[in-house]
Amino acid sequence: MDNYLLQKSKLTEFLTSLGDVNLIAPVAANGTTRFELIENAAKAKLDLEDYTASPKKVVFPQTETLFAFRNKGDSLDIEEGEEIAPTVVFGIRPCDAKSFVVLDPLFNKDFEDPYYKKRRDATVLIGQACAEPTNRCFCPSLGGSPGGTEGLDILMTDIGNDYFLEVLSEKGKKLMNGSAGVCAAAAAADNAKKEKALEQSLGKIKRQVDLKQMHEMLPKTFEDKMWKEVGNSCIGCGICTYNCPTCHCFDIQDEGSTYQGRRLRVWDACMYPEFTVHASGENPRHDRSTRIRNRIMHKFTFYPNNLGHISCVGCGRCIELCPVNEDLIEILNKVRAINE
Amino acid sequence: MSNPYIPVQAVVKDLRQETDGARPIKTFTVEIKDKKDKFKFSPGQCAMVGIPGVGESMISICSSPTQKKYMQFSIMQMGKVTSALHELDKGEMITVRGPYGKPFPIDEWKGKKILTIGGGIGQAPLRPIINYVRDNAKNYGALSIIYGARSPQDLVFLSELEGMKKDKSAKVHLTVDAEAPDWKGNVGFVPNYLMDVKPSPKNTIAITCGPPIMIKFVLQNLKKLGFEDDQIFTTLENRMKCGIGKCGKCNVGGVYVCKDGPVFSYAQFKELHPDF
C-alpha cells in the first residue's frame, strides 16, 4: 500500500479533508487526555503524551441503547438502536488499535453482535506511533510495539517536520482518496527516518513480562494463597476494568417505565460483587480474591483459549491507575515463580 | 441480520400457583404472539423472559417441545424481574428471547431408562425431559422420578406427579426434608432418599438438578450406586444478562453457562473450573 508525507503544519487541513465524518480525536480535559467527538479539526492534539482512556467507547460505548420501546397494551413497538455515521478515530495508539482486534472475535463469534459490528464497520482508525512510551508501557511483551500496525487502517509516525503516513488497509486507502492531495509522496529516505524513530521509541520501553505458557501456569495457581494476598489489598474500585481497552463485560438495564423506555447496555466490571451475585444471594465469586483471579485468568487463560488472543495489549493503564498499586506484571511474575 | 438482543412478544395464557410462602412459584403458560416469531427448542434449553422497563431473567423452558402451542416457565419470585412477573395477570404481555444453551442429548438416550432426581425449583428443567419421554414412551425405557422439597407445600408440579403415579406413566418417589402433618411420603434429603430408592444403573440415564449442595451429594451417591460418568447429567445456573456468551457474567472458567451449558454431562462437570 501507499506511503505519504504530511507536513505537521498541514494537520488541520488534512483532518478537514477527511470530509463529512465523525472525527474522534484526543483532547485535553481536566488533566486527562480523552478521545472525544470534535467539531473543529484544529482541536485535535497529537502532542499529548499520556492517554488516560482508550477510544474503546467508539465501538463499544459505555452506555448504548439496545432498543427503545413503547407498550401499547396489546402490542409493543420496538425501535432498534441508532444509525452510525462514518467515523474516523484519529491519533489512536497502536496498543489501543490492537485491542479492537482482540475484541472482534468476542462480539462476532457464535452470535454476531449487531451494535458492535455496525460501529466497527463504520470506523476507520488512524493511528499515532508512540514517540515517548510511558513508564507503564509493556506492549512488546504482548507482541505489540510503538509502531504496531495491528488493527490500524493508517499509521502516522512523527519524523521531525513531517508525519510519515502508512496506508495499511482498504478502508485506509479509501479514506486517503480525498486527502492524498494534502500530502506529498514519501521517499525511501523518509521510510528510513520512520524506522529509526520507531526503533528509538522501542528502546524507551522499560517494562516487560514473560508470558510464555502463562495460559497453562495460571490454572495451576488457582488455590495459591497469593490470590488471597492480592485480593486483600484490592479495594474493588473497578478502575482497572473501566480503563482497560480490552475489558468488555457489560450489564443490561432498563430505563423508563413499563409503558415507555429504553433497554441499555452499560459497561460493567467483574471486580464488583453485584456482577455475579444470584437473585438468591449466592455469589460464585464471593470475594475480591476470587474476582481478581477470574479477571486475570480470563485475560491470560480463558480468552486466549476460547478466542485466540490474550485479552491484554500491554498499555499498563491498570497499573498506573490502580489506587492501591496492584501491578499486573508483578502478579504475573508471581504466577511464574509459583510454577517454577 | 437478526438481532439477538431483541425479544419477541408473548401473552400469558395461563397461570398456575405451584407454591405459596415467601418465595412463591408460579407456572406461566406463554404463547408467542406472532407465528413467525415462534422458535424451536429442546429439553434443557432456556429463554430470557422479560418485561420491558423492568428487565429479563434467564428461565428454563419447563414444557416439552412435544407441546407445540405454548411454552411454560416455572418461576420463583426472587428478584426484581421475577417479582414483576408474579404481578402479571392472564392475558398480559411479556417478552421472550431464545432458546439459549445446549439441550440434553435426549435423542441419544433412546432405548434407555430415564431417572430424574430433582430438588425444589430444580424440578423445572427436568420437567421437559419427563414430559418428552412420556410423549415418546415407546422410544424410552421406564421413567423414574425422585423429587424432594423442604416441605409438602414446596413441591412443584405435585398434581402432575400424582397423576403420573396413577396412570403409571412414571415411578414417582417424593420426599420432604422434615415431618409434616398429612404427609405420608418419605421424609429425608434427596441424596439420602436416592440411596433408599437404590435405582439400578443398568441401561439408565440419571439427570439431576437442584440446589448446588444437593447436586454435589446426588452426584457422589450416583457414583456409589455404580452409575458411569456418561450416564449422569446435570444442569447449572449463574447470573446472566446477554445469554449469548458476551457479557462475561456466567462464566465458570472458560465455560459460559448460557451458551456452553446449562446442561453438562458428569464428565464435563468434573472438568469445570473449580470456581463453581
Identify all residues within segment A:114-132 that are over 29 Å from A:Glu199 (Cα atoms) and part of a loop (DSSP other than H, G, I, E, B); write none if there are none. A:Ala122
Within segment B:2-21, the residues that are outside any strand (DSSP E or B) and more than 21 Å from the chain's Cα centre (by Cα) are B:Ser2, B:Asn3, B:Pro4, B:Tyr5, B:Ile6, B:Pro7
Can you tell me which of B:Ser74, B:Ser83 is of a type outside the set (A, V, I, L, M, F, W, C), within 12 Å of another protein chain (Cβ to nearest Cβ) and not in a loop (DSSP other than H, G, I, E, B)? B:Ser83
Hey, can you tell me all the residues within segment A:28-44 that are surrounded by 14 or more Cβ atoms within 10 Å (Cβ to Cβ), within 21 Å of A:Lys56 (Cβ to Cβ) and in contact with a Ser or Thr (Cβ under 7 Å, 6 or more places away or on another chain)? A:Thr33, A:Arg34
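Assess whether B:Thr95 counts as being within 14 Å of chain A (Cβ to nearest Cβ) and part of a strand (DSSP E or B). Spell out how you get there, then give the answer.
Values: within 14 Å of chain A (Cβ to nearest Cβ): yes; part of a strand (DSSP E or B): yes.
So B:Thr95 passes the test.
Check B:Ala170, B:Ala267, B:Ala206 and return the single one that is surrounded by fewer than 21 Cβ atoms within 10 Å (Cβ to Cβ) and farther than 30 Å from A:Val266 by Cα.
Result of the check over B:Ala170, B:Ala267, B:Ala206: B:Ala267.
Quick check on B:Gln72: is it buried (at least 16 other Cβ atoms within 10 Å of the Cβ), farther than 17 Å from B:Glu237 by Cβ and assigned by TED's automatic domain parsing to the domain that holds B:Thr27?
yes
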Some residue of segment A:225-237 being under 26 Å from the mean Cα position of the chain (by Cα), outside any helix (DSSP H, G or I) and either under 23 Å from A:Asp113 (Cβ atoms) or within 14 Å of another protein chain (Cβ to nearest Cβ) (or both): no
Could you give every pair whose Cβ atoms fall below 9 Å, whose first residue belongs to segment B:176-188 and is in contact (Cβ under 8 Å) with a residue 24 or more places away in the chain, and whose second residue is of a type in the set (A, V, I, L, M, F, W, C) and assigned to a loop (DSSP other than H, G, I, E, B), counting only separations of at least 6 or pairs across chains? B:Val176/B:Leu155; B:Val176/B:Trp183; B:Asp177/B:Phe189
Test for A:Asp74: is it under 28 Å from B:Cys258 (Cα atoms) and within 14 Å of another protein chain (Cβ to nearest Cβ): no
Given (1) small (Gly, Ala, Ser); (2) more than 14 Å from chain A (Cβ to nearest Cβ); (3) within 30 Å of A:Tyr116 (Cβ to Cβ), B:Ala267 misses just (3)
For A:Leu18, only one of the following conditions fails: (1) in contact (Cβ under 8 Å) with a residue 40 or more places away in the chain; (2) out of contact with any Leu (no Cβ under 7 Å at 6 or more places or on another chain). What is its number? (2)
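The values are calculated or read from the model by the stated rules, or taken from the named source; none is laboratory data. Since the structure is predicted, the reported quantities are computational estimates derived from the model, not experimental observations. Please note: Cβ atoms are built from the backbone with ideal geometry, for glycine as well, and neighbour counts cover all protein chains shown.
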